[in-house]
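> Have a look at this one before I ask anything.
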Amino acid sequence: MTIRILLVDDHSLFRSGVRQLLQREADLEVVAEAADGIEGIKRAKEFHPDVILLDLNMPGLSGLETLQLLVQDVPTAAIIILTVSEEADELGQALRDGARGYLIKNIEAEALTTAIRKAHRGEPVIADSMTAKLVAQFRAQSVPVAAPLPAERDKLTTREREIVQCLARGESNKQIARHLDVAESTVKIHVQNILKKLNLTSRVQVAVYAVEHGISDMAAP
């Protein structure tokens, strides 16, 4: 199956670069581009893309305003914010308004294509650098929770709890590997095991789980 993509960004050079990058992938197709929110909504209604890459800072209709209208007009599309903004407020608002993901424009090519495929499958995709900010917002809005029950703690090994704490701080696999002095491939395996044990699907969900269950502040035994 080919994933059909709409690019909405006011910088033509950036759109051109992203298009060239995505067109290298056999399962990805850029079906249309738009330079502003109004044009983006028109193109979305015309082409009914599977995934929309949307900038936040555009002239005229803002990215968040465009997002709200796109969610109404093309509810089947997975909308990923692709922006330079690392503001926690904009992240939170975008997710509340229906964005499937929030990525920063310095993202690596492979990470972007992987994120598009995940979003198309219905999975949330959040830049690692934004995870800690999302968790901080969640923590500020949440009622303090009691320490997790022993049975809850026993799901995870000592090393896995250490990695959960790192995920709650928004660390990437590379940062976790350096922090714990292990191979990055080992971290990936641990993350997969954590997701399976906790029945979760994303790193963001693990970070939120850590806050809810007190694991993010819990010292390893």
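The values are calculated or read from the model by the stated rules, or taken from the named source; none is laboratory data. All values reported here derive from a predicted model rather than from experimental measurement. Positions of Cβ are backbone-derived with ideal geometry, glycine not excepted, and every protein chain shown enters the neighbour counts. In case anyone asks, the SASA skips ligands and DNA or RNA and just uses the protein heavy atoms, side chains included. Shrake-Rupley method; radii C 1.70, N 1.55, O 1.52, S 1.80 Å.
> Highest mean first, what order results for 160-167, 171-178 on Cβ atoms within 10 Å?
On the way: 160-167: 22.0, 171-178: 17.8.
For the peptides 160-167, 171-178, the packing ranking is 160-167, 171-178.
> With the other protein chains left in place, how much accessible area per residue, in square angstrom, belongs to the stretch 42-102 at a 1.4 angstrom probe?
Per-residue accessible area for the stretch 42-102 comes out at 44 Å².
> Same structure, new question: Give, as ranges by residue number, the residues of the stretch 39-57 whose backbone N falls under 14 Å from the point 7 Å along Cα→Cβ of Gln72.
Those under the cut-off are 41-42.
> Before rounding to the nearest 500, sum -39500 (n - 2.57) across all DSSP H runs of length at least 4 in the chain and divide by the residue total; then give [θ] at 222 nm in deg cm²/dmol.
After summing the helix terms and dividing by residue count, I get -16000 deg cm²/dmol.
> Rank these by accessible area, largest first, 1.4 Å probe: Arg4, Arg121.
Values: Arg4 70, Arg121 150 Å².
Of Arg4, Arg121, the descending order of accessible area is Arg121, Arg4.
> Now for a separate question. If you roll a 1.4 angstrom probe over the protein chains with everything in place, what fraction of the accessible area of the chain belongs to carbon and sulfur, to the nearest %? Don't skip to the end; give the middle numbers.
Numbers: 5650 of 11100 Å².
Of all accessible area on the chain, carbon and sulfur atoms account for 51 percent.
> Under the classification rounded if a/c is under 1.5, otherwise prolate if a/b is larger than b/c and oblate if not, where does the stretch 1-46 fall, given a ≥ b ≥ c as square roots of the Cα gyration tensor eigenvalues?
It comes out oblate by the Cα gyration axes.
> Let me ask something additional. What are the aspartates and glutamates whose alpha-carbon lies under 14 Å from the alpha-carbon of Lys174, with same-chain residues fewer than 8 places away excluded?
Here the aspartates and glutamates satisfying the reach criterion relative to Lys174 are Glu108, Asp128, Glu184.
> Now, a different point. Excluding ligands and nucleic acids, what accessible area in Å² is computed for Ile107 using a 1.4 Å probe, to the nearest 10?
50
> Going by amide H atoms built from the backbone, whose H comes under 5 Å of the H on Ile126, apart from near neighbours?
Tyr102
> Moving on. Could you sort Met58, Met130, Met1 by accessible area so the largest value comes first, with the probe set to 1.4 Å?
Details: Met58 20, Met130 0, Met1 180 Å².
Order by accessible area, largest first: Met1, Met58, Met130.
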